[in-house]
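Okay, structure first, notes after.
What follows draws every value from the coordinates through simple rules; no lab data is involved. Please read these numbers as outputs of a predicted model, since none were measured by experiment. No Cβ is skipped: glycine too gets one built from the backbone with ideal geometry, and neighbour counts run over all protein chains shown.
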Amino acid sequence: MSTCIKRDTRQEKLLFSTANNIKEIDLDTGVVKELAYQNTESHSLAYDVKERYVYSSRLGGNAIVRFPYPNDQTVNFEIVVSTNRPYYVAFDSGRSHLYWTEFNPLGKIMRCNSDGSDVTTIVNETSPIALTLDTHNRWIYYSTETSDALLRVRFDGKEKQILLTSEFI
């Protein structure tokens, strides 16, 4: 399950994904609404607050898709980028960059512009899973399936560091 929060002056909603669904819950009323069904697993969502798009990984579909949100109409997914087993996504609205992990033994952490152009490999990494962005200090924090560590790397792929090792990560 993954989440992202959308706030505005009228209401506060939490977006989340289950195995194949993208849903929102109104945090004031508790009402859950299904926004979209995906025919493949989505392990994460990211929200671009500037352009107002939700991004979703499609692990089995080898793509990252997006749709405008909020949206009162039927959700139509637009493929942003085709990639090899995207697992986790994060978005930097300040620079309009989408980041993701490719979940493979020869995996990568990747970046592209919000429209899918300028695809760039940040770092090669064995089976990267989750990532989060520190946009102020320009760090990517991530974990892998094969290590018990929290790692970080600069947005340009330099200064890769192991921050923490533990059997519980």
Test item: Cα-centred dipole of region 40-149, Lys/Arg +1 and Asp/Glu -1 on Cβ, debye:
120 debye
Candidate aspartates and glutamates - alpha carbon under 17 Å from Lys33, same-chain residues fewer than 8 apart omitted:
Glu12, Glu24, Asp72
Can you tell me which lysines have their Cα less than 26 Å from the Cα of Lys158? Leave out same-chain residues fewer than eight positions away.
Lys108
Quick one, which of (i) 27, 17, 16; (ii) 40, 15, 12; (iii) 30, 17, 15 is the actual semi-axes √(5λ) of the Cα gyration tensor in Å calculated for this model?
(i)
Aspartates and glutamates whose Cα lies under 12 Å from that of Lys23, excluding same-chain neighbours fewer than 8 positions away:
Glu34
About the Cα centre, and with charges only on the beta carbon of Lys, Arg (+1) and Asp, Glu (-1), how big is the dipole of region 71-124? Nearest 20 debye, please.
260 debye
Could you work out the relative contact order of the chain, using alpha carbon pairs under 8 angstrom and six or more residues apart, expressed as a whole percent?
11 percent
Along the charge dipole of the chain, which of Ala63, Ser147, Leu98 sits closest to the positive end, that is, farthest toward it, with unit charges on the beta carbon of Lys, Arg, Asp and Glu (+1, +1, -1, -1)?
Leu98
Listed highest first by mean packing, meaning other Cβ atoms within 10 Å per residue, what order do 116-129, 94-107, 26-39 come in?
94-107, 116-129, 26-39
